[in-house]
Amino acid sequence: MCHHFFLKANALHLKEYLQAQNSLDCSFPDVGFFPLAEVPILRCNQQGERELISSQWGLLPFWWKSSPRHKTRKAFQRMTFNARSETIDEKPTYREAFKSRRCIIPASQFVEKGELFEVASQPLMLLAGLWEQWSFENEQINSCTILTTNANPLVARYHPRKRMPVILPDERAVETWLSPDIVSRAPLEHLFLPFPENEMTHHPIAQ
């Protein structure tokens with residue numbers, strides 16, 4: 001699972017790189033992001049424009065209510081910061097977001113077993129994600145999850161379950177993933193392939 005990533009970019013660079021219509025008025029933590037943190041995501045608004053928003057990492061479906069198994073929303077979200085790409089169109093937690101609330105989660109590096117992984121040819125990795133908006137009384141929460149797929153051989157050497165984030169390779173893939181006209185799995189299936197290992201680098205986290 002992807003549970004720790006870094007974003008080494010300022011707000012203006014992020015806006016320009018992602019071709020967003022707005023910028024986030026914030027800086028990104030040097031320690032990176034962990035589940036339940038507020039992370040930047042890119043989504044399309046109702047006018048079809050790309051916008052950046054802050055979103056809590058750990059998907060909280062719009063229908064969520066407290067239950068004996070998950071008494072608090074944070075307990076639920078600790079189970080949903082990653083979503084398996086193989087089942088996102090089937091599982092109740094993700095299937096509605098998969099149809100119409102797909103997003104991009106930008107990252108510079110992700111961490112597995114003390115190793116930092118990054119894409120060699122691009123300054124940022126564009127991770128496929130889903131977002132949701134949950135509301136109750138006066139509280140409103142935007143949340144998100146990162147999709148995972150089978151790991152390529154490089155990442156598999158460090159991940160016990162041999163998984164890695166779904167990394168979108170180029171602008172065409174981003175356009176396809178964010179397209180509101182696509183509501184089924186088939187046109188997106190090719191995006192779930194593992195990112196090629198020969199286009200990635202890795203090194204230990206500096207102590």
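Taking Cys103, Cys26, Cys144 in turn, the Gaussian network model of the chain (Cα-Cα springs below 10 Å) assigns the largest fluctuation to Cys26.
Mean residue ellipticity at 222 nm, helices only, the chain: -3500 deg cm²/dmol; runs of at least 4 DSSP H residues each add -39,500 (n - 2.57), and the sum is divided by the number of residues.
For the peptides 63-70, 95-102, 193-200, the ranking by mean Cβ contacts within 10 Å, running from highest to lowest, is 95-102, 193-200, 63-70. Report the trypsin sites (Lys or Arg not before Pro) located in the stretch 127-207 that are in a DSSP loop and have at most 13 other Cβ atoms inside 10 Å of their Cβ, or state none. Here the trypsin sites (Lys or Arg not before Pro) that fit, given the DSSP loop and packing criteria, are Arg161. Taking 0.36 nm per residue of separation and subtracting the Cα-Cα distance, full extension of the segment from Glu137 to Arg185 would add 13.9 nm.
Non-local lysine pairs in the chain, meaning eight or more places apart or on different chains, with alpha-carbon distances under 24 Å, amount to 9. Residues in the stretch 46-64 near a label at Glu96, defined as backbone nitrogen under 15 Å from the 7 Å Cα→Cβ point? Answer for the stretch 46-64: 59-64. For Ser27 and His13, the difference between the fully extended length at 0.36 nm per residue and the C-alpha to C-alpha distance is 3.9 nm. Taken as Cα centroids, the stretch 148-201 and the stretch 37-101 sit 18 Å apart, rounded to the nearest whole angstrom.
Springs join every pair of Cα atoms under 10 Å in this Gaussian network model of the chain, and among Met125, Met164, Met79 the largest mean-square fluctuation is at Met79.
Computed from the coordinates by the stated procedures, all read-outs in this text should not be read as laboratory data. The structure displayed is predicted, hence computed values, not measured ones. Note that each Cβ is placed from the backbone with ideal geometry, even for glycine, and that neighbours are counted across all protein chains shown.
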